[in-house]
Amino acid sequence: MSGDILDRALAAKAVITIVAALLLSGCQQEGGAQIAPIAPTPVAESLEQVTTKALDAMGMAGVGRIEYTADGWEACLGQPWNIDDGWARWAITDYSRVIDYDTFNSVQTAQRQAGMDPDKLGGCGAQPGAAVQTQRSSVNVSSPWLQQLQVHLTPPGFLKLAGSVNAAVMRGDGGLQLAMDVDSGGITYHLVGSYGDDYLLDHVLTRVDDSVFGDMAFEAEFNDYRNFNGVVFPGHIVQKQGGFATLDLVVNSVDPATTTSAEPPEGSGRFGGGQQPDLPPYERLGEGIYALHGAYQSVVMGFADFTVVLDGLQNDARADEIIALAKELFPAKPIGYVLTTHNHFDHASGLRQFVAEGATILTHDTNVDFFAEALANPRTLNPDAIDTSGLPVDILGVGDFLAIDDGTQRVEFHKLSGSTHADDALIAFIPAIQTIVEADLLQPWINPVFGGGDHPFLVWLAGELDRLGIDYAQFVPVHRPASPPLMIKAELMDAVGRN
Ligand SMILES: [Zn+2]
C-alpha cells in the first residue's frame with residue numbers, strides 16, 4: 001500500500017475503519033479490477049434515502065420476486081485453455097432465474113454447451129461436439145456464500161443486503177457507493193457497490209477466498225438498463241472472478257409479477273458422495289518413488305537431497321495431505337519441487353502450502369507470470385489458509401522439455417502440443433519405472449461420461465507420446481483410475497484400436 005493512500009485514509013478519521021477496508025481491497029493488484037483510488041467520503045444521504053431512490057429508479061418498490069431470462073455464456077473459474085485467454089467459455093441459452101427476495105430463494109435453469117471455442121475447450125468436462133446439457137441450480141439462506149452472491153449481486157438483492165447490514169453510504173470519485181461488511185460462514189466479506197447519478201447500480205466489487213488467488217476479486221457489472229414490463233433492469237450482466245469473466249448474460253425479459261417458484265422442485269436433491277475405495281495412503285512404485293492414493297493421485301520421488309511432488313493438487317486439504325506424506329516417506333528431505341501439470345485449479349490448488357514449504361513450482365512457461373502474481377496475492381479472508389504475501393514465490397518455467405536428474409533419480413517433463421483441454425499440458429516421465437504421470441488427458445478412459453474408446457483425446461495423446469519418443473509402459477493418472485494407481489499402456493493401445 002502506498003504511503004500516499006494511507007495518509008489520505010488517515011485524514012478521513014470519521015470513516016477510518018471502512019476506508020481502511022476499502023483501500024486494502026483497492027491495493028490488491030492481482031485478481032481483478034481495483035476500486036477507485038480516491039478515499040471515499042461519507043455523504044449526507046442516509047441508506048434509507050438511497051434505497052428509496054434506487055428502488056424508485058428501477059420501479060421496484062414493493063417488488064419481492066422477479067424472474068429474468070437471458071442468453072449468453074459462462075465460464076469455469078480456473079479452467080482456461082490458455083491463461084492469457086481467460087476462462088474457457090460455455091454457451092448458454094434459455095437462461096432463467098427466479099428470485100424471491102423476501103424468502104431468499106432462487107432457482108436458475110439454462111441450457112449449456114461446451115466448446116464455444118472448439119479448439120480451445122479448456123476444462124470443466126468440456127469435450128468436442130458435446131451435447132447441450134440442462135443446468136439447474138438453487139440458492140437459499142444455507143447456500144455457500146459464493147452461491148448466495150447470485151442473489152446478492154442483482155440490483156434489488158444488493159439493496160436488500162445493504163439494508164440488512166446497515167451499509168455505509170459513501171461518495172468516491174466514481175460517484176455514490178454503498179460499502180458493507182457481511183459475515184458468512186465465519187468469514188467477513190467486504191462489498192462495495194457503485195451507483196450512477198441515476199441511482200442505478202453499475203458495479204459491485206468484493207473478494208472471496210480462493211486457493212490460488214488468495215483474496216480473489218469477484219465483480220459484477222450492470223449495463224444497458226432499460227424498461228422491461230414496467231421495471232428498469234440491466235440488459236447486460238457480467239460477473240468476473242480473478243479478473244476474467246465467468247458469466248456474461250444479455251437479458252431478454254424481466255417479469256416482476258412471476259408466479260414461478262423460487263424454490264427447487266421436490267426430489268431434486270444433491271448427488272451422494274462417491275464410494276471411496278479402501279486403499280493405503282501410498283504405494284511403492286520403485287526405488288524412492290511412491291504413488292499417493294486418493295481421488296486425486298500424486299507421485300512423490302526422493303532424490304538425494306530433496307523430494308519432487310507430481311500434481312495431485314485438488315484442493316488445500318489434499319495438498320496438506322500430500323505434504324505430510326512426502327515428509328513421512330522422506331523425513332530428512334525438504335520438498336524441492338512441485339509440478340502442476342497444467343494451470344487448471346484442481347491441479348494447482350494448495351500451491352501456497354508448497355510455497356510455504358520452500359518448494360519451487362514447476363509449470364509451463366506460459367503460466368509463470370500468472371502464478372507469480374496470483375500466489376503472491378494476500379490471503380486474509382480465510383485465516384486458516386496460508387498467506388504467501390511475505391514469502392518468496394519461486395517458479396521454474398518448463399518449455400518443451402526439462403529434466404531433474406541428480407544421478408540417483410531422474411524425472412523428465414515434456415510439453416504436449418495440440419491439446420484442446422489445456423495449451424500448457426505437461427506430463428512427467430519417470431524412466432526408471434517407465435511411468436508417465438498425467439492429468440486429465442486420460443479422462444475419457446477413466447470416466448465413462450466421456451464415452452471412452454477411441455475418443456479423440458486418447459487418439460491424440462497416443463500420437464503425442466509417439467512423437468516425443470517416450471518409452472513408457474504405464475501411467476499414473478492424477479484422476480484415480482479403475483485399478484489404482486496405474487493404467488497400462490497396452491490398454492490405451494486397445495482403446496485407440498492400435499493393438
Ligand atoms: Zn484440466
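The values are calculated or read from the model by the stated rules, or taken from the named source; none is laboratory data. This one's a predicted model, so the numbers in the text were calculated from it and none came from an experiment. Every residue, glycine as well, gets a Cβ built from its backbone with ideal geometry; the counts of neighbours run over all protein chains shown.
Which residue out of Asp406, Asp423, Asp440 is more than 16 Å from the ligand (Cβ to nearest atom) and either within 22 Å of the chain's Cα centre (by Cα) or modelled with pLDDT of 95 or more (or both)?
Exactly one of Asp406, Asp423, Asp440 is more than 16 Å from the ligand (Cβ to nearest atom) and either within 22 Å of the chain's Cα centre (by Cα) or modelled with pLDDT of 95 or more (or both), namely Asp406.
Take the residues in segment 387-408 that are in a loop (DSSP other than H, G, I, E, B) and in contact (Cβ under 8 Å) with a residue 40 or more places away in the chain; name whichever of them is surrounded by the most Cβ atoms within 10 Å (Cβ to Cβ).
In this case the residue turns out to be Asp387.
Among the residues of segment 364-379, what is the count of those that are over 18 Å from the mean Cα position of the chain (by Cα) and crowded, with 23+ Cβ neighbours inside 10 Å?
So the count comes out to 1.
Considering only segment 236-269, how many residues are in a strand (DSSP E or B), of a type in the set (D, E, K, R) and within 30 Å of the chain's Cα centre (by Cα)?
Residues in segment 236-269 being in a strand (DSSP E or B), of a type in the set (D, E, K, R) and within 30 Å of the chain's Cα centre (by Cα): 2 in total.
Hey, any hits in segment 142-153 for a residue that's free of Cβ contacts under 8 Å to residues at least 60 places away in the same chain, touching a helix residue (DSSP H, G or I) at 6+ places or on another chain (Cβ under 8 Å) and hydrophobic (A, V, I, L, M, F, W, C)?
yes
Collect the residues in segment 319-350 that are in a helix (DSSP H, G or I), touching a residue at least 24 places away in the same chain (Cβ under 8 Å) and away from the ligand (no atom under 15 Å from the Cβ), keeping them in residue-number order.
Result: Ala319, Asp320, Glu321, Ile322, Ile323, Leu325, Ala326, Leu329.
Do you know which residues across segment 106-139 are within 19 Å of Asn447 (Cβ to Cβ), away from the ligand (no atom under 16 Å from the Cβ) and crowded, with 22+ Cβ neighbours inside 10 Å?
The answer is none; no residue qualifies.
Given Val151, Val182, which one is among the β-branched types (Val, Ile, Thr) and surrounded by 22 or more Cβ atoms within 10 Å (Cβ to Cβ)?
Val151
Test of understanding: among Asp56, Asp102, Asp85, which residue is surrounded by fewer than 22 Cβ atoms within 10 Å (Cβ to Cβ) and within 16 Å of the ligand (Cβ to nearest atom)?
None of the other options fit; the residue is Asp85.
Run down Ala126, Ala88, Ala70, Ala57 and say which single residue is small (Gly, Ala, Ser) and part of a loop (DSSP other than H, G, I, E, B).
Among Ala126, Ala88, Ala70, Ala57, only Ala126 is small (Gly, Ala, Ser) and part of a loop (DSSP other than H, G, I, E, B).
Restricting attention to segment 129-150, and to residues there that are of a type outside the set (S, T, N, Q) and in a strand (DSSP E or B), which single residue is nearest to Ile83 (Cα to Cα)?
Selected residue: Arg136.
This table checks each residue for (1) modelled with pLDDT under 95; (2) assigned to a strand (DSSP E or B).
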| residue | (1), (2) |
| --- | --- |
| Arg171 | yes, yes |
| Val182 | no, yes |
| His203 | no, yes |
| Val208 | no, yes |
| Val212 | no, no |
| Ala217 | no, yes |
| Glu221 | no, yes |
| Pro234 | no, yes |
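Within segment 323-342, does at least one residue satisfy the condition of being in contact with a strand residue (DSSP E or B) (Cβ under 9 Å, 6 or more places away or on another chain), assigned by TED's automatic domain parsing to the domain that holds Glu464, more than 24 Å from Ala295 (Cβ to Cβ) and surrounded by 15 or more Cβ atoms within 10 Å (Cβ to Cβ)?
Yes, there is a match, as at least one residue in segment 323-342 is in contact with a strand residue (DSSP E or B) (Cβ under 9 Å, 6 or more places away or on another chain), assigned by TED's automatic domain parsing to the domain that holds Glu464, more than 24 Å from Ala295 (Cβ to Cβ) and surrounded by 15 or more Cβ atoms within 10 Å (Cβ to Cβ).
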